[in-house]
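Step one of this worksheet: look at the structure below.
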Amino acid sequence: MTAIRQRQIGRIHGLAKEACLDEETRRDIIAQVAGGKRSSKDLTAAEADDVIRRLEVLVGGGTSPSVPHSRRGIAMDGPFAGKLRALWIAGWNLGVVHDRTDEALTAFVERQTGIQAVRWLRDAVEARKAIEAVKGWLAREAGVDWSTDGGRTREANPRQRVAAAQWAYIREHANQTPAPSLADFLRRTAGDWQLAPVKATDQQWQTVQNALGTIVRTIKADFERGRAAAMKWADTADQATTAEAFAAGGPDFLKGECTDETPAYHHGWDDAIRAARRTKGAE
């Protein structure tokens, strides 16, 4: 076996940084892909390539959201740019935004509202329309609850609302959550086991959002791979569901793709196979 190359180590760490992964999350992903190994230095060259491909999926090929440029050369430096960018990155962490660049943000706002960035970057009324358009889209597509109760927000921090939607998605689509509760996950990432969610800072919630975003994007990427597998094999309708597959040792297209211990283990396989069974039954 060929040992991992230094350039591969550099690539893994560079992609992990671009995806805003902390060390523990980076090691979790390596372990998922490389059969339990948690350090890039322990990988073979082939395993390193697999880890790099997984990280490239998570990064999505986008540039850093902090790059202050946007469509048509308009600088994203107005008084309302930060709010819109934070919402857009929230969409990235919720797995509904696939291009986290400023160009994609300005294009989306213009499609949804007809408002060009040169207006909403400086005008408060136009900025509010743009902000509400993005918030409404995140509510519809990702289940973020922005509602209020008696004039008081149900969660004090908007980033907490995003994290709550992420947590709900992970609970529904994964076989386990990264902690017993969202509050526990917050405390673990903050390194403060006495921290109350209402006392957490914007940065602490952003760290949570970034970490959960990695898990959400992994689940969604694997979900699509499951559907692609269902389309690729003609006899998929005769294959077992995931639970049945593990009991039987796994059908061919599952082998090497996921394990029962994978934290991001998803239901994409099951959904795809059941859909194929329904289609076959209708023929």
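The values are calculated or read from the model by the stated rules, or taken from the named source; none is laboratory data. Note that this is a predicted model, so its numbers are computed, not measured. Heads up, the Cβs are rebuilt from the backbone with ideal geometry, glycines too, and the neighbour counts pull from every protein chain shown.
Quick look at the numbers
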| read-out | value |
| --- | --- |
| Long-range neighbours under 9 Å by Cβ, at least six apart or interchain, first residue in contact (Cβ under 8 Å) with a residue 24 or more places away in the chain and outside any helix (DSSP H, G or I) within the range 33-56, second exposed (fewer than 13 other Cβ atoms within 10 Å of the Cβ) and small (Gly, Ala, Ser) | 43/3; 44/3 |
| Extreme residue, modelled with the lowest pLDDT, among residues of the range 178-201 that are β-branched (Val, Ile, Thr) and touching an Asp or Glu at 6+ places or on another chain (Cβ under 9 Å) | 189 |
| All helices (runs of 4 or more DSSP H) inside the range 73-176 with 1 or more residues being under 22 Å from the mean Cα position of the chain (by Cα) and either modelled with pLDDT under 85 or hydrophobic (A, V, I, L, M, F, W, C) (or both) | 81-93, 102-113, 124-142, 158-173 |
| Tally of residues being touching a residue at least 12 places away in the same chain (Cβ under 8 Å), loosely packed, with under 14 Cβ neighbours inside 10 Å and in a loop (DSSP other than H, G, I, E, B) across the range 197-211 | 0 |
| Residue tally, condition modelled with pLDDT of 80 or more and acidic (Asp, Glu), over the range 27-71 | 4 |
